[in-house]
Amino acid sequence: MKSLYSQLVLSHLLPLLIFIPLLGILLAYIVETQIVLQNAVQDLTEEALVLANLAGQQPGVFSDAAQAEFFARTMSAQYAKDVTLYQTDGGTVTTLAATGARETLAPTKAELDGLFQAETQTRLYANLDPAQTTVEAFVPVLSARRQLLGIVRVSEHIDRLAARLMQMRLLILATTLLALAAALSIGAFLAARLTRRLNLVTQAVVQVAHGQPIAAPSDALPQEFRATFDAVTALQTRLQESEAARKRLLANLVHELGRPLGALQAAIRALRQGADHDAALRQELLQGMDAQVERLKPLLDNLASLHGEVNGAITLQRAPVHVSAWLTRMSVTWREAAQEKNLVWRQELAADLPTMNLDADKLAQVVGNLLANALKYTAAGGTIFLRAQVAAGELQIAVQDTGAGIAAKDLPHIFEPFYRGAAPFGSPNRFPQGMGLGLAIARDIVTAHGGRIEVQSEAGQGSQFTVILPL
C-alpha cells in the first residue's frame, strides 16, 4: 500500500467491501423471512382450509380413529404435508391421527380459545437452518350448527424449500461478488485516472524544477487539478521572468557601467601620459571624469533603492508638505533643463492643492524620474506639461510630453524591474538608456503612499504619467 494508486483503489473499494456483503446478508434475510416463509405460511393455511373443508364433509373422521388415520395418511400423501387430526371434548384436545416422523404439539390454550371462535391459527418455528424451520396451520372443523367437531393441523418442514433457499443465497452471493468485481473495476479506473492527473501536475512541477517547458495536459482536468496546473504554469512563468530579469540586469549593468568606466579609464591614461602638464586639458579631463561619476550616481541610487525593496518594505519619512510650494521648488531645475533642450515648459498647479503627510524626498524622486524620462524622449520643439489638481478625493500629479511615446507591446511591462523596451519611436538609438529601474521604483514609492500610477501613451503620440495619492 505504498503507492498512491493502491491507496486510492482501497479508498474506493473499502466502503463497498463493508456495505455490499452486509447488504447481501440483509437482502437474503428479508427474502427468506418476508417472502419465502410468508408465502409458505399462506400456502399452508390455504391447504389447511381445504383439508378442513374435506374433513367437515366426513363427520366420522373425528369419531372413528381408523377413518381419521386413513384420512390423515391419504391427505398427507396427496399434499406432501404432515396432517394431524385432533378431537376436542369440553376443552380437551386429543390426537386422533398424525403423519410425519417429527413430534407435533397440540394447540395451546390461547390457540384453542381462538379456534373455538372459528379462527385459523398458524405457527412458525424459525431456525437459521431451513431444514429445522417448521410451519404449522390449525383450522377448526365446524358442524352445520356451528359446533366445533375437531381440528385439522397441517405442518411442513421447510427442508423441502432448502434447495430453493440455497439457490437464492447463491444468487445473492454471486450478485454480491459481481458487484464487488464491478466496484473494483470502477475503483481501479477512477484511481488510475486520478493518479494520471496527479502525475501530470507532478510532471509539471518536475519540469519547472529542471527548467523545461511544461507540456499541455493531454486530457481535460477537473477544476482543482486545473487550478494547480495553472498555478505551476504561472510559477514557471514567474521563474522565467525572474531569469530574464537577472539576465537583463547583467546586460544593463555591463551597458551602463561600461561607458563611464571606459571614459574614466581613458582620462586616467591621458593624465598619466602627461596631459596633467597642460592646465586647460587637465581641467577638461577632470570635469569629464566628474561628469561620468555624476552619471554613475543615479545608477547606484536605483540599485540601492532596489536592494532596500528586496530586503523589506519601503520606509517612508512622512511630514506635512504643502503640495503647491513643494512642486514649485522641485520643478525649477527641470524647467531649466527643458529650456536648455529647447522644449516648451508648461506648468499648471491648482489653487486648492492641500497640505499632506508625505515623504517629500521620495516623491520628488518619483516626479523627477517621470520628468527625466519626458525630457529624454521628447525632441527639441516638443512640450513638457506638469500639472497638479484635486479630483474625486485624490491628489493627481500628471507629467505629459509630446515625445516618442511607448509601443503597445511594451506598455504592460514598463513598471517591471530591468525591463527596457524597443528604441523609442523615431529614436536613432537602438537600445534605450537606463537600467529599467526608475519606473519600477517610482511605482513602489507611490504604492507605499497608498496611491497608484496610471499611464496613457501611444507610439509617436507622447505619454502621460499620473501619480494619484489619496488625500
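The values are calculated or read from the model by the stated rules, or taken from the named source; none is laboratory data. Given the structure is predicted, the values throughout are model-derived calculations rather than measurements. Positions of Cβ are generated from backbone atoms using ideal geometry, with glycine treated the same way; all protein chains shown enter the neighbour counts.
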Examine the range 15-22 for a residue that is in a helix (DSSP H, G or I) and modelled with pLDDT of 75 or more, and state whether such a residue exists.
yes
Only unsatisfied item for residue 98, checking (1) touching a strand residue (DSSP E or B) at 6+ places or on another chain (Cβ under 7 Å); (2) at positive phi; (3) at pLDDT 75 or above, is (2)
Taking the range 26-78 only, how many residues are at pLDDT below 80, of a type in the set (S, T, N, Q) and buried (at least 17 other Cβ atoms within 10 Å of the Cβ)?
0
Any residue at all in the range 363-374 that's within 16 Å of residue 328 (Cα to Cα), in a strand (DSSP E or B), assigned by TED's automatic domain parsing to the domain that holds residue 340 and in contact (Cβ under 8 Å) with a residue 40 or more places away in the chain?
no
Subset of the range 323-359 that is surrounded by 15 or more Cβ atoms within 10 Å (Cβ to Cβ) and part of a strand (DSSP E or B) - its residue that is nearest to the chain's Cα centre (by Cα):
358
Can you name every residue in the range 195-207 that is surrounded by 15 or more Cβ atoms within 10 Å (Cβ to Cβ), within 15 Å of residue 235 (Cα to Cα) and either of a type outside the set (A, V, I, L, M, F, W, C) or at pLDDT below 70 (or both)?
203, 207
Restricting the range 51-69 to residues that are free of Cβ contacts under 8 Å to residues at least 24 places away in the same chain and part of a helix (DSSP H, G or I), the one farthest from residue 142 (Cα to Cα) turns out to be 66
Just checking, does the range 417-430 include any residue being over 22 Å from residue 238 (Cα atoms), at pLDDT 70 or above and either of a type in the set (Lys, Arg) or not assigned by TED's automatic domain parsing to the domain that holds residue 370 (or both)?
no
Do the conditions hold for residue 276, that is, is it at pLDDT below 75, surrounded by 12 or more Cβ atoms within 10 Å (Cβ to Cβ) and more than 57 Å from the chain's Cα centre (by Cα)?
yes
Pairs only if they're at least six apart or on different chains, beta carbon under 8 angstrom, first in the range 385-408 and under 18 Å from residue 450 (Cα atoms), second crowded, with 18+ Cβ neighbours inside 10 Å and among the aromatic types (Phe, Trp, Tyr); list them, first residue then second.
398/465
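Mind checking which residues of the range 305-322 are surrounded by 11 or more Cβ atoms within 10 Å (Cβ to Cβ) and modelled with pLDDT under 65?
Taking the range 305-322 and keeping what is surrounded by 11 or more Cβ atoms within 10 Å (Cβ to Cβ), we get 305-306, 308-309, 314, 316, 318-319, 321-322.
Within the range 305-322, 305, 306, 308, 309 qualify.
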Could you check how many residues of the range 431-471 are at pLDDT below 85 and on the phi > 0 side of the Ramachandran plot?
3
Could you list, in sequence order, all residues of the range 381-396 that are hydrophobic (A, V, I, L, M, F, W, C) and within 24 Å of residue 336 (Cβ to Cβ)?
384, 385, 386, 388
